[in-house]
Amino acid sequence: MKPIALDVATWSALLAALAYSAFGLRLLWTYGRRSLESTPSVLFGVALFATALWAWLSVGASLVAGGSRFLVPLADALRYAAWFAFLLSLLKPVIAQRRQQPIAKLLPVAIGLVALRLAALAAEQWSLNGSQWARIALFTTLALPVVGLLLVEQLFRNTADDSRWNAKPLCLALGIVFSFDIYVYSQAVLFGRADDDAVSIRGAIHACAVPLLFVASKRRADWIARLQISRAAAFHSTALVIAGIYLLMVAAMGYYIRFFGGQWGSALQLAALFVALALLLVLAFSGTMRSRLRVFVRKHFFSYRYDYREEWLRLTAMLSAKSTPAEMGSLVIRGLADMVESPGGALWTQAPDQPEFVQTARWNVPALKERELTDSPFATFLRSTGWIVDLEGCRRHPERYSGLEPPVWLTPAQPFWLVIPLSVADELIGFVALARPRTPVDLNWEVTDLLKTASRQAAGFLAQMRTTEALLETRKFDAFNRMSAFVVHDLKNIVTQLSLMMANAKRLHDNPEFQQDMLATVENSLEKMRQLMLQLREGEAPPGGQSGVDLARILARIGAVAAARGRTVELEVLDPVITRGHEERIERVLGHVVQNALDATGAADRVWVKLSRRSGQAHVEVGDTGAGMSQEYVQTRLFKPFQTTKPTGMGIGAYESFQYVRELGGSISVDSELGRGTVMTIVLPLFESRQPSALEMAGAK
């Protein structure tokens with residue numbers, strides 16, 4: 001190695017040693033124990049100090065003649081191991097979710113390469129078959145930065161779009177380091193020896209990554225929280241042209257440095273080249289630079305600034321992507337902000353049943369508690385004109401906005417720039433305040449027209465979501481009201497039963513049998529009211545189905561109740577039938593049907609109930625020879641809620657019976673004719689108790 005190259009190598013390694021040491025110590029001093037709470041943070045610090053150790057050993061090897069040829073490559077391998085561990089800790093969630101995909105193989109590959117590199121170094125140190133291990137060592141030195149670059153790529157690709165702002169500096173820094181190492185070691189593999197000039201500035205290139213690593217540590221957000229046209233083509237083409245011109249200028253500068261740089265020329269040329277490439281990558285990933293370039297292309301390459309078809313499709317797709325109110329609000333802000341290169345904004349919508357607008361969503365701006373009254377001058381102006389308000393222009397030229405003054409809380413200290421009203425018809429449902437753009441934007445007619453049209457589309461989505469929420473709330477109240485109607489219906493039946501008992505008590509209060517019946521009736525009514533309270537507290541009672549219900553016993557009780565009231569129900573049990581369901585609710589259904597038959601008949605008419613088993617189902621036939629019903633009434637009104645022909649009826653019983661029988665998987669059919677009577681057939685599923693298997697019986701024993 002040339003003496004001057006040795007001097008360059010010393011200064012280069014010293015620069016890296018000082019940079020990484022200072023950064024590592026500052027990180028340790030600033031965060032202290034807090035950095036130990038996160039595994040990636042700990043590994044990041046280890047990687048910094050491992051790089052500093054490699055750089056200090058490189059300085060020592062350059063200063064001491066005949067210095068160790070083992071410690072520097074050993075420290076280099078350990079440095080790679082530390083950076084690999086850090087990157088793999090960030091990729092851990094991705095690797096865990098994709099165990100069967102190629103990304104999961106990066107972990108064993110990285111471990112294997114580091115182990116092979118250490119083995120090759122040990123073999124070289126102890127002179128074990130030197131030439132073969134030397135070739136292995138050479139190829140592992142090239143494979144290590146290649147794997148590092150793969151890890152950086154996977155980290156960037158698997159980071160969510162809205163979190164890449166955190167990941168960009170880290171990926172750029174390590175991408176620069178690994179890319180330069182690939183360049184150095186690829187020459188060594190191809191030509192049998194490394195370029196002395198490239199090796200000499202390796203430390204300086206590594207030191208160039210420190211500022212980006214510093215920015216990454218500031219943005220870290222727990223080290224990356226979550227792991228997309230004709231105009232687009234024009235934008236990328238322009239970007240490529242600009243990048244090409246930039247690289248030509250860098251090449252010319254490099255040639256000048258090499259020609260006039262003397263002995264330092266080659267080294268300085270290589271250093272300038274990689275510094276320029278790093279600067280190009282930083283600019284290429286800069287959101288501000290991309291925004292400025294887009295504005296430049298729109299101004300000078302197209303007659304209109306926007307491709308309206310693309311903007312409309314993009315906004316519609318964005319607003320259709322999510323459904324929750326919080327997500328919809330953020331998407332409305334982003335959709336409008338992207339049209340004017342704004343990096344953030346906030347949404348104010350009218351609070352439910354409140355005469356004011358409150359902040360309900362925000363994106364990259366601080367939360368504000370300030371509220372705007374719906375009848376304030378500012379809200380009235382937005383509602384009546386539909387104008388987009390440029391806050392700075394409004395303050396400088398209030399006459400353009402009819403003397404409007406922005407709200408006190410929208411001060412110049414706030415990051416807001418534009419206020420866009422969100423209106424549906426003549427109703428102002430909210431407004432969006434956008435942050436100042438990354439690059440100056442000319443608010444001409446084209447921009448304002450696009451924002452107005454997009455804001456109407458966004459307002460329509462928000463209004464639809466608000467209507468949907470109101471409908472869901474109404475449905476919940478409807479369900480509660482329906483359940484309350486059922487409860488009131490049951491209470492009416494209990495009151496009727498107790499009233500009848502009290503009417504008979506005046507005549508039969510001394511009768512012991514009546515006293516027993518009265519106690520049983522009161523106890524039964526009390527239990528029913530307890531069930532109603534439970535139903536009100538916990539919601540609709542379950543349909544049952546895990547226990548058997550003896551229909552013959554229920555029908556016997558119903559017949560006894562009718563007999564106590566002086567009416568006769570002819571009961572015929574052809575088959576003993578056990579059905580599944582909730583006994584009390586089934587009794588309520590059958591009792592309601594029988595009571596309707598009794599109400600529709602006179603003393604001379606018949607009411608009968610026939611219980612049978614047919615086709616694997618229970619059939620309960622309730623018939624009468626009473627007034628009957630028309631076919632139209634049966635088809636259109638009988639099982640509808642709040643439909644009744646009784647003067648004191650509520651129209652709930654038939655509807656509740658029909659719904660519960662359907663829940664059990666049964667059916668109700670009606671055959672009725674005016675003047676001749678009605679036959680109602682209730683079909684219920686049979687209860688089949690599951691017999692334990694031989695294995696379960698053996699286990700029980």
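Nothing in this text is a laboratory measurement; each read-out follows from the coordinates by a stated rule. Just so it is clear, the structure is predicted and the values come from calculations on it, not from any experiment. So basically every Cβ, Gly included, is an ideal-geometry build from the backbone, and we count neighbours across all protein chains shown.
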Cα-Cα separations in region 542-685 greater than 20 Å, expressed as whole percent: 45
Cα centroid separation, region 435-468 to region 579-599 (Å): 60
Amide H partners (placed H, <5 Å) of L571, local residues excluded: V609
Peptide ranges 166-172, 571-577 listed from the most packed, as the mean C-beta count within 10 angstrom indicates: 166-172, 571-577
Highest-first arrangement of 603-612, 206-215, 508-517, 379-388, where packing means the average Cβ count within 10 Å: 206-215, 379-388, 603-612, 508-517
Pairs beyond 29 Å (Cα-Cα), from K218/K452; K168/K369; K92/K168; K506/K640; K506/K528: K218/K452; K168/K369; K506/K640
Relative packing of peptides 462-469, 8-15 - highest average C-beta neighbours within 10 Å first: 8-15, 462-469
Relative contact order (percent, whole number), region 308-466, Cα cutoff 8 Å, 6+ residue spacing: 24
